[in-house]
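Chemist: Take this structure, written in structure tokens, and hold onto it; I'll ask about it next.
The values are calculated or read from the model by the stated rules, or taken from the named source; none is laboratory data. Since the model is a prediction, treat every value here as computed from it, not as a measurement. When we count neighbours, we look across all protein chains shown, and the Cβ atoms used for this are built from the backbone with ideal geometry, even at glycine.
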């Protein structure tokens, strides 16, 4: 990803909040800009289809007791191949932050939409599945971020230990704290070591735990990039724990001997 785009999404992550009430319509020019952007995120593991269609965002009657959205019929459908929920969450959140950077409101929806209606608009391959829907539109009111878990809850580090981490790791963790998740459960822990940050899924969260981790992965990457640190993701073991490892060339020399305040694994 380009550095200027990551900076834009990083700034958007600081003000992003779920929006459930929308008003007005997205103008035609912006719609096609976002449609092209959605296509640019598509890869072999996941893709996004951006559309304006009626009926999709209407809650089924049996889910009327759950919170839905109103005032928009614009949405992005996140489709994954081979059940790659991590990638679905990752590119879905990229789309969310692009929308937020353009002044739009968004809301991840895991079940409170009309799946039967939605399936009329897509042809899925045998190894593809619809993961989630993201409602998009002009917010009817100023969104407010919900309370999030503390750094200590997510990392197990005290405030003193956390303050001794390199700047890029502190910002990566703080940006991950803001990541949306199903029912705002934040079902992950962050293991911070000298040369990586690992995200560990702690619960299925109604089947969306891996989606939530994928969303948080992008936030970690954006926080690190804000400090000039870039890297790659690696998946460890059968549990699929994701580990962000920076490129050595982007780490600042002064962080090489940082005192983390806790013992290394070995």
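Chemist: Can you name the residue in segment 33-54 that is outside any helix (DSSP H, G or I) and either over 19 Å from the mean Cα position of the chain (by Cα) or within 12 Å of residue 94 (Cα to Cα) (or both) and is also modelled with the lowest pLDDT among such residues? Show your work before the answer.
Modeler: The first filter runs over segment 33-54 and keeps only residues outside any helix (DSSP H, G or I), leaving 42-54.
With the extra rule that they be either over 19 Å from the mean Cα position of the chain (by Cα) or within 12 Å of residue 94 (Cα to Cα) (or both), the set shrinks to 42, 47-48, 51-54.
Working: 42: 97, 47: 97, 48: 98, 51: 95, 52: 95, 53: 92, 54: 89.
Of everything passing the filter in segment 33-54, 54 is modelled with the lowest pLDDT.
Chemist: Taking the residues in segment 242-259 that are out of contact with any strand residue (DSSP E or B) (no Cβ under 8 Å at 6 or more places or on another chain), within 16 Å of residue 230 (Cβ to Cβ) and assigned to a loop (DSSP other than H, G, I, E, B) as candidates, determine which candidate is modelled with the highest pLDDT.
Modeler: 251
Chemist: Part of a helix (DSSP H, G or I) and more than 17 Å from residue 221 (Cβ to Cβ): which single residue out of 97, 30 fits that description? Show your work before the answer.
Modeler: Details: 97 fails: more than 17 Å from residue 221 (Cβ to Cβ).
Just one listed residue meets the conditions, 30.
Chemist: Over 22 Å from the mean Cα position of the chain (by Cα), surrounded by 15 or more Cβ atoms within 10 Å (Cβ to Cβ) and over 22 Å from residue 225 (Cα atoms): does that describe residue 23? Walk me through how you get there before you give the answer.
Modeler: On the way: over 22 Å from the mean Cα position of the chain (by Cα): yes; surrounded by 15 or more Cβ atoms within 10 Å (Cβ to Cβ): no; over 22 Å from residue 225 (Cα atoms): yes.
Criteria not met by residue 23.
Chemist: Yes or no: segment 113-124 includes at least one residue that is in contact (Cβ under 8 Å) with a residue 12 or more places away in the chain and buried (at least 20 other Cβ atoms within 10 Å of the Cβ).
Modeler: Yes, some residue in segment 113-124 is in contact (Cβ under 8 Å) with a residue 12 or more places away in the chain and buried (at least 20 other Cβ atoms within 10 Å of the Cβ).
Chemist: I've got another one for you. Out of the residues in segment 188-238 meeting the condition of being at pLDDT 95 or above and part of a loop (DSSP other than H, G, I, E, B), tell me which one is surrounded by the most Cβ atoms within 10 Å (Cβ to Cβ).
Modeler: 229
Chemist: Which condition number does residue 57 fail, the rest of (1) part of a helix (DSSP H, G or I); (2) at pLDDT below 95; (3) buried (at least 19 other Cβ atoms within 10 Å of the Cβ) being met?
Modeler: (1) is the only condition that residue 57 fails.
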